[in-house]
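Asks: Below are the structure tokens for one structure; questions will follow.
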Amino acid sequence: METAKETKYTLKQHAAFIMRGLGYLKTFPKPILLSKTLFSIVSALVPFVNLYFSALILNELAGARDQSRLINLVILTIGLNLLANLLKSLLSRWNDYCTAYEYHSILKIYSDKQLSMDFIDVQDSEVRQEYYKISQHHKGMGQGIRQLINTYDWFTMSAIQIIVSSALAFSLFLTRVPEGSPLIWLGSPLAVAAIFLVLACGILIPPRLYMWGDKELAESADHNNRNNRIFAFYIYKLMSDIGRAKDIHTYNQKHLINKGLTQHDYLGYWLPIFKKNSKATFYARIVTFTANGLIYLYIALKAYSGAFGVGSIVLYVGAIAQFSGGFSNILGNLAWLLTNNSYLEKVFNFLDIPNKMQSGSVPVEIRDDHEIEFYNVSFKYPSSDTYALKNFNFKFRAGERTAIVGQNGSGKTTMIKLLCRLYDPTDGIIQLNGVDIREYKYDEYMKVFSVVFQDFNLLPFTLGENVAAAATYDEERALEVLGKAGFDSRLEGMPNKLDTFLYKNFEGEGVEVSGGEAQKIALARALYKDSPIIVLDEPTAALDPIAEAEVYSKFNEIVSDKTAMYVSHRLSSCRFCDNIAVLHEGALVQQGSHDELVIDKNGKYYELWHAQAQYYSDEKV
């Protein structure tokens, strides 16, 4: 298991990781650093108001007992406490408001990166695995950018505590014991050095013990994420997964699920870690209590000797406690920060993945007579040694309807992804109107295509937003394309028409649509875009053959003089096409019209056609 202890960094690298991580907080919608800084400063100062003025009041009570001075000190103490706590409450609410965006703002940084990455990297299994780890660290034990936020206010508060308490406690070591006192030795350099040594032990040893106890806890993030993945994100979700509910009930799989719950020894892993953590905490508190006791004894003896009044005891004890606590907090949080840098490095490695695909500068003219040509195009996926497409040559002429057919794995969808620049060819070039498509501006180039992939997705937003693929849209146009896609009858039954939410992810009254209905919405989305080239990649797989024939027939009318490409397993739906390209094992093996290809008994098309036709024939096989 990979752990944080495997990586060592220089002090410069540690600082660079932390500063870069804090830099991302500037992208948050609210000023989280400012709110945390102000809240931490005020929170650190509030206890000193009581310490300082309580000491003055006690000294006055033990001394002159001036009534007017006592009244003024009490009023001032109450007033300052009221103002300080009021300010603290206001800043606390503002800080809560700003930090409410923290969790999802960090996830947005990661999701924005995914949206801007080359598609080939998005699909890369190693990149997906790294993103999954980063996401789980963030959601689980909070490592990464989130850990910086969690420790920032503690650092700020502790720094203020150290500064103010040092100023208040400084006079403790300068105040002289009166001459002739048997405790005169309390002011000697040796006694002061001894107290500093005790103070240092009380400050430095407990954090080291806490680090020792927390070490395995901090390094167990991967195991914690694994448990979360197994229990929270998989096994427990089985219970509420409607798609799996039928199988679970039909096959009475509850015993199998219970086995999954019990076979992972959760306590067996964590119990030794928790025991070690508890032991470290016990030892640390013994050291803290011993050190504090010796320091408090020194303060009491010095007060007893007459070096200062009884009120100063409260001031010095409080100041030392604040100083010790602040220093311990800084050291403890520093340990977590340094451990966290190994997780920050994973975050930055992910965010720094470069976009390798060429970004062109040539503008694209939107017109109806675009022509596309593949020249000796070959492509293989990064994780494969086998070519998905090999020496592919084909020309899509303007205004033609072209069908791309072939068995599973023949390269049909790969060809479409190359055309849409989701990938770049390994070899060869693809041209649009005689220009390498890599030379075009990508956003403009994509306006040329309306695509419906076989594994399309709809979002849990309103029907109209799904059709337009936008937050605002033309309602008349959306209704028109839904009608052309054959969705008008289903639309009539929807409670809020175009404003009806699809699915129930965001809206409890959302409508569940069937696979066939979803495909019609996807087809309407392609029509709404109104691009000069329409690409349908197995968009009717969930429809029966008759419904599919109707869709293609309608699309044939809708496409009019536009260029259209159809990828389909069902050859009967492609008979109306002007040209048919037959792919097999990544290569173009035939092309021509249906009538030309079906008579070639030695061709792949003839084999595919008759393999399907037998199921629609009344003849016995």
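Asks: Over 26 Å between Cα atoms: which of Lys108/Lys484; Lys356/Lys447; Lys356/Lys390; Lys26/Lys504 fall into that group?
Replies: Lys108/Lys484; Lys26/Lys504
Asks: Let me ask something else about it. Extending each Cα 7 Å along its Cβ direction at Leu83 and Arg128, get the distance between those two points in nm, one decimal.
Replies: Reported label-point gap for Leu83 and Arg128 is 6.1 nm.
Asks: Also, quick follow-up: If you rank His610, His584 by fewest surrounding Cβ atoms within 10 Å, what's the result?
Replies: The most exposed by this proxy come first: His610, His584.
Asks: Quick check on the exposure proxy: order Asp96, Asp427 from fewest to most C-beta atoms within 10 angstrom.
Replies: Neighbour counts put them in this order, fewest first: Asp96, Asp427.
Asks: Which value in nm describes the separation of the simple spin-label points at Tyr103 and Leu90, placed 7 Å from the Cα toward the beta carbon?
Replies: 2.9
Asks: Arrange the following residues from fewest to most other Cβ atoms within 10 Å of their Cβ: Arg525, Arg93, Arg575.
Replies: Arg93, Arg575, Arg525
Asks: Give me the net charge for the shell around Pro495: Cβ to Cβ below 14 angstrom, other residues only, Lys and Arg +1, Asp and Glu -1.
Replies: Cβ neighbours under 14 Å give a net charge of -2.
Asks: Given points 7 Å out from each Cα along the Cα-Cβ axis, report the Lys26 to Ile184 separation in nanometres with one decimal.
Replies: It works out to 6.2 nm between the two label points.
Throughout, read-outs are computed from the coordinates displayed, never taken from laboratory work. All figures in this text were calculated on a predicted structure; none of them were measured in a lab. Every residue, glycine among them, receives a Cβ derived from its backbone with ideal geometry; neighbour counts consider all protein chains shown.
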